[in-house]
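Engineer: Following this message is one structure expressed as structure tokens.
The values are calculated or read from the model by the stated rules, or taken from the named source; none is laboratory data. Since this is a predicted model, take the numbers as computed values, not measurements. Reconstructed Cβ throughout: ideal geometry from the backbone, glycine too, with neighbour counts over all protein chains shown. Quick note on the areas: whole protein, heavy atoms, side chains included, nothing else; ligands and nucleic acids left out. Shrake-Rupley method; radii C 1.70, N 1.55, O 1.52, S 1.80 Å.
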Amino acid sequence: MTAPTASEVPAPTLTAAAVPVQPRRPWQPVWRAIVLRSALVPVIVLSPLVALPPGADHRFNVYANGARYLARPWELFGEAVHSVPQYLNLGNFRPLGRMVEWALDTVTFAITDLLGLPANVSLRLVAMVSAILLTLATVVLAESVLSRGRTFAGPPSLVSAVLPFAVGGSFVAAGRTSTTVLFGGLYFLTAALVLLAAAAAACVVGRHRLGPRLGALAVVTGAALAAFNEMAWLALPLAALVALVRARAVLGLSWRQTVGGARFTGLLWAGFLPVAIPVRVIIAGRCAGGTCYSGSDVAPAGMLGALPNRLTSWVPPLMWQRAGEGPYGHTLGPAVLVALVVLLPLVVRFRRDLPRYDSPDRRQAGALAATGIAVLLPAATMGALNEQLQRLAAAGWWGLGWRDSALAGAGGALLTVAVLAWVFARSHHSGRAHRRGTLAGVLLLVVIAAISTSANRDHRAGVAAERPAYVHDRVAQEIADFDRSAAGDGRRCTLREQFRASLPRDRRPGYQPEMRRFDQAVNAASYRLAHRPFCTRGPA
């Protein structure tokens, strides 16, 4: 009698209950928690500003641009191209940036039209969404730099879990020119675009071939960055630096391999330079007489004196002082406790997920610090090149926000978390010391975010107490809740006269350009929403 062969032995039948079901990616819930944290922390910090009255161009653009392009969205692209000569004469070239800005105005006005919210509230909601995208972009950049394998193919880094707390704390209304107050939607999105372009350069490090599609995408992206705005131009040097940091400090590639993997960055430059160089030559010629827009002026002579000011303008305690235009001690009130109560559940979830994160070593922490400096230094340098900021720096205005604030805040957050990761690196501490140190660092960042929330509350209260801000707040409310009665028309005409009274004395008589701009903007909005003029005693 012969024994049965292996092929003759029947295979055991496994029932569904006997097969253990393992999740393919057990870290997916952890990633979902990071995404949720990236959304909630900015919303909490920015929530006191949700009813902040509009200022500067926002007083008019939300109504004029929003009403126009909501009714005729196809005109947006053509107008952006048609306006290029006009803006070149003013000293800037931002056709894609203007398209995005006008599109954001349109989205803001659409929210007002759909939900009946005042335009100032809609404006802050759009800025909050942009701040969330910036927070997520910062996380993506950090993960792209620190990953030693394919990005997002494994458990998230501990850095990615901590970053939302640090980035959220930087969203402070540090003065009226801060991106948290003025053009937040545009400049938060610009900063996110810069960080994502750099993250893409980091992800392709080590590839021997890019392929025609990725290569063409890099060239087109470079040209788009040149046509976006000046802050977007910082994506080019940042991409080169980030690719170098990941190649050398994280992956340990040779110089030959590093240069070979720089093709993506080289193609970004190949698309960027043919657009940027002619534009700067044209602007230099047209602005040689000093007649261009002062916000676009470049003053290299005073840059070094203002650079320390801009390098530290992202530091939260300095920004808290600017938020209330005075000593920041009064921000330590009930608003801080409320913010802490709302933020602490996020810390509880972080503590629960702590063992599931990939803890970086000190080499990776050093790479993250270099990345933070690579983000912060160019942003601060661009701010220091502005002549107006140079005067403010010389006058001692530390912590004042400007267009560089969104990018500098992200860079400062990366640098802060890098220091925490280096100090409490698991490779240099026991498991208990690593966990306790990390939790202590996160709690510190949460306290900073809570105080930033209170500082934003102080800024909103201070602005709302001013007469011009009150007028624009009421204008937004009247447009959203348009009253067709004679009493409603009387209230709106009174607001129109109050706007005239808020202008400098030399601009009140007659029909000055600012008064004309007000009428055009509010009439465009009221005709779009109610098919009537804002005030029947004004021009139709």
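Engineer: How big is the charge dipole of the chain about its Cα centre, in debye rounded to the nearest 20, if each Lys and Arg gets +1 on its Cβ and each Asp and Glu gets -1 on its Cβ?
Structural biologist: For this selection, approximately 760 debye.
Engineer: Calculate the FRET efficiency for Arg213 and Val275 from the Cβ-Cβ distance with a Förster distance of 25 Å, rounded to the nearest 0.05.
Structural biologist: E(calc), rounded to 0.05, equals 0.75.
Engineer: Per 10 Å bin, what percent of the C-alpha pairs of the range 392-469 does each bin hold, from zero upward?
Structural biologist: 15, 30, 30, 16, 7, 2
Engineer: If you don't mind, there's one more thing I want to ask. Using only the Cα atoms of the range 68-160, what do you get for the radius of gyration and for Dmax, in Å?
Structural biologist: 18.6, 51
Engineer: Another question, then. Peptides 107-117, 374-384: what's the order by average Cβ count within 10 Å, highest mean first?
Structural biologist: 374-384, 107-117
Engineer: Roll a 1.4 Å probe over the protein chains and send me the accessible area per residue for the chain in Å².
Structural biologist: 45 Å²
Engineer: I would also like to ask the following. Answer with one residue from Trp422, Leu96, Ala226: the one whose Cα lies farthest towards the positive end of the charge dipole of the chain, charges on Cβ with Lys, Arg +1 and Asp, Glu -1.
Structural biologist: Value computed over the given set: Trp422.
Engineer: What residues have an amide H closer than 5 Å to that of Ser157, excluding those fewer than 5 places away on the same chain, when H is modeled at 1.01 Å from N in the peptide plane?
Structural biologist: Residues meeting the amide H criterion: Asp358.
Engineer: Moving to a separate point now. If r is the Cβ-Cβ distance from Glu514 to Arg176 and R0 is 22 Å, what FRET efficiency results, to the nearest 0.05?
Structural biologist: 0.80
Engineer: Another question, if that's okay. I need the Kirkwood Rh of the range 125-259: take the reciprocal of the average 1/r across all distinct C-alpha pairs and report it in angstrom.
Structural biologist: 16.0 Å
Engineer: Any idea what angle helix 513-530 forms with the longest principal axis of the chain, computed on alpha-carbon atoms, 0 to 90 degrees, nearest 10?
Structural biologist: 70 degrees
Engineer: Just round it to a whole percent: the fraction of Cα-Cα distances in the range 115-195 exceeding 15 Å.
Structural biologist: Counting pairs separated by more than 15 Å, the tail of P(r) holds 61 percent.
Engineer: On to the next question. For the chain, which semi-axes, largest first and in whole Å, follow from the square roots of 5 times the eigenvalues of its Cα gyration tensor?
Structural biologist: Over the Cα atoms of the chain, the semi-axes work out to 45, 28, 26 Å.
Engineer: Report Rg (one decimal) and Dmax (nearest whole number) for the range 459-540, counting Cα atoms only, units Å.
Structural biologist: Calculated on Cα positions, Rg and Dmax stand at 12.8, 36 Å.
Engineer: Using alpha carbons only, how many degrees (0 to 90, rounded to 10) separate the axis of helix 119-146 from the longest principal axis of the chain?
Structural biologist: 30 degrees
Engineer: Tally up the carbon and sulfur contribution to the accessible surface of the chain as a whole percent, 1.4 Å probe, everything protein left in place.
Structural biologist: Whole-percent figure for carbon plus sulfur exposure: 64.
Engineer: In whole percent, what relative contact order does the range 138-186 give with Cα contacts below 8 Å and a gap of six or more residues?
Structural biologist: After rounding, I find 27 percent.
Engineer: Right, something else. From the backbone phi of the range 189-198, what are the Karplus-calculated ³J(HN,Hα) couplings (6.51 cos²θ - 1.76 cosθ + 1.60, θ = phi - 60°) in whole Hz, Gly and Pro given as x?
Structural biologist: Those phi angles translate into 5, 4, 4, 4, 4, 4, 5, 5, 4, 5 Hz.
Engineer: Shifting gears a bit: When the Kirkwood radius is taken over all Cα pairs of the range 345-501, what Stokes-Einstein diffusion coefficient follows at 10 °C and 1.306 mPa s, in µm²/s?
Structural biologist: Result for D is 79 µm²/s.
Engineer: As I understand it, the value is the acute angle between the Cα axis of helix 58-71 and the longest principal axis of the Cα atoms of the chain; what does it come to in degrees, rounded to 10?
Structural biologist: Roughly 80 degrees, rounded to the nearest 10.
Engineer: Hey, what D do you get for the range 214-274 in µm²/s if you plug the Kirkwood alpha-carbon radius into Stokes-Einstein at 25 °C and 0.890 mPa s?
Structural biologist: Reported coefficient: 207 µm²/s.
Engineer: Sort 340-349, 173-182 by packing, meaning the average of other beta carbons within 10 Å per residue, with the highest value first.
Structural biologist: Highest mean packing first, the order is 173-182, 340-349.
Engineer: Continuing with the same structure: Where does each of 462-468, 213-219, 318-324, 53-59 land if you order them by average Cβ count within 10 Å, highest first?
Structural biologist: Top to bottom by mean Cβ count within 10 Å: 318-324, 53-59, 213-219, 462-468.
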